[in-house]
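Here the structure comes first, spelled out in structure tokens, and everything after it is commentary.
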Amino acid sequence: MKDPVATFNAKGSPVTIGVCTVCGTKLYRMGRTEAHAGLVPPEKPAKVEKREGKLVVVESPAKAKTVGRFLGKGYTVRASVGHVRDLLKSQLSVDVDNNFEPKYRVPNEKKDVVKDLKKLAQKAEEIYLATDPDREGEAISWHLLEAAQIDPARAQRVVFHEITESAVKEAFSHPRPINMDLVDAQQARRILDRLVGYSISPLLWEKVRGRLSAGRVQSVALRLIVDREREIEAFVPVEYWSIHAELQPEKLKSTFIAKLAKID
């Protein structure tokens, strides 16, 4: 080889470039030589993963099947089957001393769901979170974003109030960001439920009987029912009569009914 030059190819592998001494053809010889000593190979270009298709996440498998039929090719529709994260069952899971910060975890029965959605989200060009149109649905979308480590820049929220082709397509033409006000409202409700239930239920087990539960809503509703039942039990019936008379004025064939209102 004539006029050898030590260098690196596009993949960063060491090569030697020169000219054939016989025919003058340009030659490439793979492998490191002494001439490569001190040379710095070029940085390998970062691998850019090609993304394609659109991922849609709804709550129920039945809805996923219907929505997938409406949207057609190019869309992959999956179901979260409800919430994918929740507070720990074994502890309060609310840091009362740190601005009531909740501690969430992915339940064991949802780990495969989250793993599958995370894998699909990494390959999708666009991601649409189409969970139910209420604060629970908004929170599920946010939890999906967090649990599956979905890039917020590629995720949008889609809301529809009826499962018809026109309503679904109209919703997908007007996507929006996740409404964090609704998410915060759901988290506040969930945290209050946990604080009340987790604190009071053990007292019921100790003072009344086991397996009883208390709650932010159910305890108040039970109080209203008890108060009403006590009013019913305390009611003392009083006998009374109502008097009606059928009267016919003189020289008239028609009659009318009169009710006794009072006695002077």
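What follows draws every value from the coordinates through simple rules; no lab data is involved. Here the structure is a predicted model, which means the values were calculated and not measured. Here the Cβ is made from the backbone with ideal geometry for all residues, glycine too, and neighbour counts use every protein chain on show.
What's the number of the condition Gln149 fails, among (1) more than 24 Å from Ala185 (Cα to Cα); (2) in a loop (DSSP other than H, G, I, E, B); (3) in contact (Cβ under 8 Å) with a residue 12 or more places away in the chain; (4) not β-branched (Val, Ile, Thr)?
Here Gln149 meets the rest and fails (1).
Looking at the range 83-122 only, could you name the residues that are of a type in the set (A, V, I, L, M, F, W, C) and assigned to a helix (DSSP H, G or I)? Step through it out loud before you land on a result.
So the first thing to find is which residues in the range 83-122 are of a type in the set (A, V, I, L, M, F, W, C), and the list is 84, 87-88, 92, 94, 96, 100, 106, 113-114, 117, 120-121.
If the condition is that a residue be of a type in the set (A, V, I, L, M, F, W, C) and assigned to a helix (DSSP H, G or I), then Val113, Val114, Leu117, Leu120, Ala121 are the ones that fit.
Of all the strands (runs of 3 or more DSSP E) wholly in the range 1-73, which have at least 2 residues that are over 57 Å from the mean Cα position of the chain (by Cα)?
Details: elements: 2-8, 14-19, 26-30, 54-58.
Hits in the range 1-73: 2-8, 14-19, 26-30.
Within the bounds of the range 189-199, is there any residue that is loosely packed, with under 11 Cβ neighbours inside 10 Å and either closer than 23 Å to Trp142 by Cβ or touching a residue at least 24 places away in the same chain (Cβ under 8 Å) (or both)?
Initially, the range 189-199 is screened for residues loosely packed, with under 11 Cβ neighbours inside 10 Å, giving none.
No, the range 189-199 contains no residue that is loosely packed, with under 11 Cβ neighbours inside 10 Å and either closer than 23 Å to Trp142 by Cβ or touching a residue at least 24 places away in the same chain (Cβ under 8 Å) (or both).
Give the number of residues within the range 166-200 that are over 20 Å from Phe100 (Cα atoms), part of a helix (DSSP H, G or I) and of a type outside the set (Lys, Arg). Spell out the reasoning first.
Here is the first cut: in the range 166-200, the residues over 20 Å from Phe100 (Cα atoms) are 166-179.
Narrowing the set further to residues that are part of a helix (DSSP H, G or I) leaves 166-172.
Next cut, of a type outside the set (Lys, Arg) only: 166-168, 170-172.
Final tally of qualifying residues: 6.
Just to be sure I understand, how many residues within the range 81-129 are closer than 26 Å to Lys50 by Cβ and in contact (Cβ under 8 Å) with a residue 24 or more places away in the chain?
Our first condition is that a residue be closer than 26 Å to Lys50 by Cβ; within the range 81-129, this holds for 112-129.
Filter once more, keeping what is in contact (Cβ under 8 Å) with a residue 24 or more places away in the chain: 113-114, 116-118, 120-129.
So the answer is 15.
Take Val158 and decide whether it is of a type outside the set (Asp, Glu) and either on the phi > 0 side of the Ramachandran plot or touching a Phe, Trp or Tyr at 6+ places or on another chain (Cβ under 6 Å) (or both). Give the derivation first.
Numbers: of a type outside the set (Asp, Glu): yes; either on the phi > 0 side of the Ramachandran plot or touching a Phe, Trp or Tyr at 6+ places or on another chain (Cβ under 6 Å) (or both): yes.
So Val158 fits the description; yes.
When both residues are 6+ apart or on different chains and their Cβ atoms are under 9 Å apart, which pairs have a first residue that lies in the range 214-226 and is of a type in the set (S, T, N, Q), and a second that is not in a loop (DSSP other than H, G, I, E, B)?
Gln218/Gly197; Ser219/Val196; Ser219/Gly197; Ser219/Ile200
Of all residues being part of a loop (DSSP other than H, G, I, E, B) and of a type in the set (Lys, Arg) in the range 211-255, which is nearest to the chain's Cα centre (by Cα)? Just the residue, please. Before the answer, list the steps.
Within the range 211-255, the first condition is being part of a loop (DSSP other than H, G, I, E, B), and the residues that meet it are 211-217, 235-243, 248-255.
Subsequent filtering for residues that are of a type in the set (Lys, Arg) retains 211, 216, 251, 253.
Details: Arg211: 30, Arg216: 22, Lys251: 80, Lys253: 75 Å.
Selected residue: Arg216.
Considering the range 206-236 alone, what residues qualify as being hydrophobic (A, V, I, L, M, F, W, C) and within 25 Å of Arg190 (Cβ to Cβ)?
The first filter runs over the range 206-236 and keeps only residues hydrophobic (A, V, I, L, M, F, W, C), leaving 208, 212, 214, 217, 220-222, 224-226, 232, 234-236.
Hits for the range 206-236 are Leu212, Ala214, Val217, Val220, Ala221, Leu222, Leu224, Ile225.
Residues in the range 219-229: is at least one of a type outside the set (Val, Ile, Thr) and surrounded by 12 or more Cβ atoms within 10 Å (Cβ to Cβ)?
Going through the range 219-229, the residues of a type outside the set (Val, Ile, Thr) turn out to be 219, 221-224, 227-229.
Now narrow it down to the ones that are surrounded by 12 or more Cβ atoms within 10 Å (Cβ to Cβ): 219, 222.
So far as the range 219-229 goes, yes, one or more of its residues are of a type outside the set (Val, Ile, Thr) and surrounded by 12 or more Cβ atoms within 10 Å (Cβ to Cβ).
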